[in-house]
Each structure stands twice: as C-alpha cells, then as structure tokens.
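Down below is the structure, laid out as structure tokens.
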Amino acid sequence: MKQFKLTLLLISIILVSNLTAYAQAISSKEIDVLVERTLKTFDVPGIAVCVVKDGKVIHSKGYGVSSLNTKKKVDGNTLFGIASNSKAFTAAAMGILVDEGKVNWNDKVIDYIPEFRMYNSYVTEEFTIKDLMTHRSGLGLGAGDLMFWPDSNTFTLKDIIYNLRYLKPVSAFRTKFDYDNLLFIVAGEIIARVSGVSWEEFVETRIMKPLQMNNSAASYKRLKDFSNVIDAHVPINGKIQVVGRDILDYGNAAGGIYSSINDLSRWVILQMNHGKYGEGLKQQIFSTDASDEMWTPQTILPIRGTNSYNTHFGAYGLGWFLSDVKGYKQASHTGGLTGIVTQITLIPELQLGIIVLTNQQSGAAFTSITNQIKDSYLGVKGIDRIKENSDRMNTSNTDAEKIVTDVWNKVSEQQKNPTVLDLNQFVGTYHDNWLGNVTIKLENGKLIFNSIRSPRLSGEMFYYKGNTFVVKWNDRSFDADAFVMFGLDYEGKPSSIKMKAFSPLTDFSYDFQDLDFVKVE
C-alpha cells in the first residue's frame with residue numbers, strides 16, 4: 001500500500017510539473033508584444049512567426065509590412081525566401097532516394113557526376129554524397145560563393161562543378177567544419193540526375209505537394225502567385241531601403257525556396273513526426289531511418305564558454321545544426337539572402353517548432369524572437385533576449401564601424417596629401433582560375449574595377465597605402481568594400497592581385513580572400 005501511495009504521489013508531481021511548465025509557455029499576446037518590440041528595436045519592416053506544439057499550430061501570425069514600397073501587411077501566407085533553410089529540403093530529398101534504394105549516403109559523388117573534381121585526386125575519389133551536405137570538405141567558409149553571389153552573373157551549374165577543382169583547401173578533408181553552399185548545389189544535381197527531374201520539380205512534387213504547401217515553390221521564379229511576396233530590405237547609409245532580391249537560379253538546392261509560415265508549419269510537423277504525415281500519420285515522405293540520419297551528428301562544431309541553455313555539444317547533421325539545450329536535442333538552421341533572414345528551430349522531445357521569417361537582414365531579430373519563445377518552454381527566466389541581442393549587435397556594429405571608418409580616414413588622408421603614383425601601371429586584365437577575368441581601367445583619372453563574369457562587382461578604387469587600394473562597390477547594399485592588394489614582379493610592376501573585405505560584418509559569401517588574380521594583359 002505504501003508503494004502504491006508513493007507511486008500516486010510521483011504521478012501527481014509529474015502531472016503538476018507538466019501543467020506548470022505548460023502554463024509558463026509564452027502566450028500569443030506575449031508573442032505579439034515580443035515581435036512588435038523586435039520590429040522597432042532592429043528596424044525590420046516585416047516578420048512572420050509560427051509556433052508548433054504537439055503537432056498543432058498554436059500561433060501563426062504576420063507583423064509589419066511585406067515591403068516599405070507597397071505597405072502591404074504581412075500575414076500567415078506571405079512568402080519569404082527561406083534561403084539556407086532550403087538545405088534541409090535537399091537532405092530530405094536525398095533521404096527519399098536513399099529510401100528507394102537509388103542512392104546510398106556513402107556513395108561516391110563521381111559515380112553520379114563523373115566530371116566532379118576537388119583539389120586533389122584522393123579527395124575527389126573519396127568524396128561521398130554525405131560529404132556534400134556536412135560542411136567538412138576542407139574548403140574554407142563560403143568557398144566559391146562569388147560564382148553565384150551576388151546574382152546576375154554569367155556562371156552556370158556546369159561552371160561551378162568544373163571550377164570546384166580550383167578552390168584551395170584550408171584544412172584537411174573531413175577534419176573541420178567550414179560552412180559551404182556550392183556542395184549542396186552539387187547534391188541537388190545528383191538528385192536531378194538520379195530522379196530524372198530537376199531538383200526543383202522533385203522537391204515540389206515529392207515534398208511540397210503531399211504536404212499541401214500550396215503557395216510555396218522551390219525557387220522565386222517558380223512561384224504561381226507573386227501578389228503576397230516580401231521585398232528585401234537593407235540598411236544603406238543608416239536608412240532601411242528596398243533592394244533587389246537575390247535570384248539564385250542554379251543555387252536553389254542551397255538556398256532558393258520561397259515559403260510562408262503556414263506552409264512551413266506542415267514541414268516542421270513532418271520533421272518532428274520523422275517523415276510521417278496525414279491523418280493518423282499513415283502516410284510517409286521519408287523514413288525514420290532517413291530522419292535519424294539527418295539528425296545524427298556528422299561534423300563536430302566547437303562550443304566555447306557558457307550559455308543560458310547549458311549547451312555542451314554542437315554538430316552539423318544533414319541540413320540541420322544539432323545541439324543540446326537544457327538537456328533536450330535541438331535541430332535548427334538559419335538562412336540569409338540579401339535583405340532576408342530566417343530561422344527554423346525544432347526541439348523534438350518537446351514537440352516544439354518555432355519558425356521566424358524576416359524581410360531585413362538583422363539576424364538579431366529572429367534570434368531574439370526564437371530564444372524568448374524557447375525560453376518559456378525550457379524554463380529559462382530573467383533574460384530579455386531583445387536587449388541581449390541589441391547590446392551584442394550594437395557592440396559589433398560599433399567595432400565594425402571603427403574599422404571601416406579607419407580605412408576610409410586613411411584614404412581621405414591620401415587624397416589630401418596624395419602619393420605620386422602612375423595609375424597606368426595598375427591598368428590591365430587580371431585572371432583568377434574560378435572567377436575569371438577582372439579589368440582595371442583608368443577612366444577620367446580614376447581606377448575602375450570591373451568583374452567580367454559578375455558585373456555587379458564594379459566600383460571605384462582608392463589608394464590606401466603601399467601597394468594596396470580599396471574598392472568601393474557601386475552597389476551600396478553589399479556592405480563588402482574590399483582591399484585590393486597588388487603583387488609586384490621582379491621589375492616592380494603590378495603582376496597579381498589579392499583581395500579581402502575589411503568590414504567584419506561583410507557576409508562570408510563575398511569570399512574575396514579566396515581569389516588569386518594574375519595579370520594576363
């Protein structure tokens with residue numbers, strides 16, 4: 001009898017604990033206040049937020065406007081570019097092919113794309129499908145992204161696959177995490193070659209259609225209705241402005257999907273049900289084995305210092321970042337395009353999913369919302385995530401502004417007391433193996449930098465010091481002004497160029513540091 005009473009007492013404690021935890025969960029009204037504060041604090045025009053709990057949508061709402069031009073309100077069906085959150089769709093698509101026995105995670109890439117070549121023969125021959133989606137290639141952060149970023153360049157998928165051989169490693173194969181995009185694009189090409197349809201069609205027909213993600217598409221150009229799509233917004237000279245959207249074309253497997261919180265809620269529920277969906281979860285898109293593989297640590301990530309979630313371990317799975325938060329497993333990912341950033345977070349053991357989509361490139365905004373909602377379910381109290389991230393952002397912006405201002409001050413000093421230079425000696429065509437040619441011309445006494453294959457990379461060059469200039473891009477939405485350092489030959493004449501963005505806030509996809517130009521004429 002004593003044991004029976006003890007059992008009842010334990011059950012009562014567990015039930016009360018669970019009810020207390022649920023009662024502490026953030027309410028929809030509190031989310032409204034949270035998001036409205038976020039909009040103002042981080043100067044974001046529009047945000048959409050969805051919370052999924054226990055297989056049901058308990059909050060789904062748009063805030064602000066989809067565009068400062070149209071002033072149209074954001075709602076649950078407003079379409080955002082989800083950017084790198086597309087990578088999880090690519091991993092799931094590959095999982096479907098694995099389930100069907102058409103590929104294996106450990107198959108060699110060259111068995112499907114014979115022309116695939118990496119920086120040496122061993123890596124080429126050993127590179128697997130799994131390696132394509134785990135950021136452990138040995139290449140540096142964002143290596144080769146300038147072949148599709150910014151858009152409007154002339155590179156093709158064939159060019160990207162061919163030019164991979166010219167990208168130089170920064171670490172040994174499979175030893176270190178460095179985020180990449182190009183290899184997810186290659187994974188998308190394997191899906192296309194094996195399935196016989198494009199990656200876009202495969203994702204739309206095999207994932208989006210059964211889930212009734214009816215407003216979504218695998219790329220911006222494939223949208224059926226453009227009446228409720230956000231514009232991208234970027235701060236330029238201290239003012240938020242509408243800018244042209246990035247359209248990746250052949251980069252969709254890495255970051256091309258457009259979707260809404262209403263559609264993505266179905267995707268999140270599918271993920272937490274390990275590929276099952278529909279009434280009674282009787283239908284299945286990918287298997288539990290595939291789900292487990294996507295959520296299994298593949299590449300270890302460093303975790304340094306302490307944090308409010310007591311996170312001890314971090315890793316990348318297949319299309320998902322994995323970590324422990326307050327003892328629970330978390331799968332999450334972010335995505336960023338010019339003027340658009342997003343985040344999807346899953347805590348499967350709590351059956352909790354959080355989706356935050358924004359139309360301004362402040363990651364502090366989605367982080368604040370996600371973490372404040374997450375805190376309410378994990379019992380983390382007393383932290384104002386908006387203030388925390390605002391303080392952090394302000395510190396980063398101040399530090400970056402100091403660096404950038406210092407560079408331009410030195411340029412101004414040179415203009416006031418000009419060093420005597422023969423600018424004609426720098427004129428010429430310079431060639432990089434994977435980006436191609438850039439020209440440096442003298443126009444009205446000014447040096448002008450132009451990339452032939454990526455024409456948006458154009459701007460005036462200003463003398464800095466030594467053999468180094470600074471290029472100021474004509475497109476001021478880039479926030480990627482860069483050093484251009486000339487190498488000299490034995491006669492003291494410019495013969496090569498190395499480049500590096502000087503603001504620490506420049507997006508890593510402006511991988512100027514990987515370029516190695518040699519003067520060819």
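The values are calculated or read from the model by the stated rules, or taken from the named source; none is laboratory data. Keep in mind the model is a prediction, meaning the values are calculated, not measured. Cβ placement follows ideal geometry from the backbone for every residue including glycine, while neighbour counts extend to all protein chains displayed.
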Subject >> Conditions (1) part of a strand (DSSP E or B); (2) more than 20 Å from F42 (Cα to Cα): number failed by Y63 >> reply: (2)
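Condition check ((1) in a helix (DSSP H, G or I); (2) over 16 Å from the mean Cα position of the chain (by Cα); (3) at pLDDT 95 or above; (4) over 26 Å from T175 (Cβ atoms)) across all residues:
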{"residue": "L97", "(1), (2), (3), (4)": "yes, yes, yes, yes"}
{"residue": "K102", "(1), (2), (3), (4)": "no, yes, yes, yes"}
{"residue": "I110", "(1), (2), (3), (4)": "yes, yes, yes, no"}
{"residue": "Y119", "(1), (2), (3), (4)": "no, yes, yes, no"}
{"residue": "Y122", "(1), (2), (3), (4)": "yes, yes, yes, no"}
{"residue": "R136", "(1), (2), (3), (4)": "no, yes, yes, no"}
{"residue": "L146", "(1), (2), (3), (4)": "yes, no, yes, no"}
Original post:
Which residues, taken from the stretch 315-333, are out of contact with any Phe, Trp or Tyr (no Cβ under 7 Å at 6 or more places or on another chain) and part of a strand (DSSP E or B)?
Top reply: A315, F321, Y328, K329, Q330
Original post:
Scanning for something assigned to a strand (DSSP E or B), touching a Ser or Thr at 6+ places or on another chain (Cβ under 9 Å), crowded, with 21+ Cβ neighbours inside 10 Å and in contact (Cβ under 8 Å) with a residue 40 or more places away in the chain, does the stretch 357-364 turn up at least one residue?
Top reply: yes
Original post:
Looking at (1) in contact with a Lys or Arg (Cβ under 6 Å, 6 or more places away or on another chain); (2) loosely packed, with under 12 Cβ neighbours inside 10 Å, which is the only condition T395 fails?
Top reply: (1)
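Would you check if G327 is within 21 Å of N389 (Cβ to Cβ), surrounded by fewer than 18 Cβ atoms within 10 Å (Cβ to Cβ), out of contact with any strand residue (DSSP E or B) (no Cβ under 6 Å at 6 or more places or on another chain) and not acidic (D, E)?
The answer is no for G327.
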**OP:** May I ask you to say which residue of S260, S195 is under 20 Å from the mean Cα position of the chain (by Cα), modelled with pLDDT of 95 or more and either at negative phi or basic (K, R) (or both)?
**Re:** S260
Original post:
What do you reckon, is K500 under 25 Å from the mean Cα position of the chain (by Cα), closer than 17 Å to F517 by Cα and not assigned by TED's automatic domain parsing to the domain that holds T338?
Top reply: yes
**OP:** Can you confirm whether the stretch 77-95 contains a residue that is in the same structural domain as D159 (by TED's automatic domain parsing), over 27 Å from T175 (Cβ atoms), over 24 Å from the mean Cα position of the chain (by Cα) and part of a helix (DSSP H, G or I)?
**Re:** no
Original post:
From the list T405, T338, T334, which residue is closer than 21 Å to Y510 by Cα, crowded, with 23+ Cβ neighbours inside 10 Å and of a type in the set (S, T, N, Q)?
Top reply: T338
Original post:
Restricting attention to the stretch 339-355, does a residue exist that is at pLDDT 95 or above, among the charged types (D, E, K, R) and more than 30 Å from I129 (Cβ to Cβ)?
Top reply: no
**OP:** Give the residue, chosen from D507, D481, that is closer than 24 Å to N163 by Cα, buried (at least 19 other Cβ atoms within 10 Å of the Cβ) and in the same structural domain as K441 (by TED's automatic domain parsing).
**Re:** D507
**OP:** Select from the stretch 267-291 the residues that are crowded, with 20+ Cβ neighbours inside 10 Å and not aromatic (F, W, Y) and list them in ascending order.
**Re:** V268, I269, L270, Q271, M272, G275, I285, A290, S291
Original post:
Any chance the stretch 485-496 includes a residue that's hydroxyl-bearing (S, T, Y), surrounded by fewer than 17 Cβ atoms within 10 Å (Cβ to Cβ) and either within 27 Å of the chain's Cα centre (by Cα) or not in a strand (DSSP E or B) (or both)?
Top reply: yes
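Per-residue answers, yes or no, for (1) crowded, with 20+ Cβ neighbours inside 10 Å; (2) over 30 Å from A480 (Cβ atoms):
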{"residue": "N77", "(1), (2)": "no, yes"}
{"residue": "S84", "(1), (2)": "yes, no"}
{"residue": "F89", "(1), (2)": "yes, no"}
{"residue": "I110", "(1), (2)": "no, yes"}
{"residue": "Y122", "(1), (2)": "no, yes"}
{"residue": "L139", "(1), (2)": "yes, no"}
{"residue": "F148", "(1), (2)": "yes, no"}
{"residue": "S152", "(1), (2)": "no, no"}
{"residue": "F155", "(1), (2)": "yes, no"}
Subject >> Enumeration of residues in the stretch 465-478 that are buried (at least 19 other Cβ atoms within 10 Å of the Cβ) and either β-branched (V, I, T) or not in a loop (DSSP other than H, G, I, E, B) (or both) >> reply: F469, V470, V471, W473
Original post:
Given the conditions (1) in contact (Cβ under 8 Å) with a residue 40 or more places away in the chain; (2) in contact with a strand residue (DSSP E or B) (Cβ under 6 Å, 6 or more places away or on another chain); (3) among the aliphatic types (A, V, I, L, M), and given that L421 satisfies all but one, which numbered condition is not satisfied?
Top reply: (2)
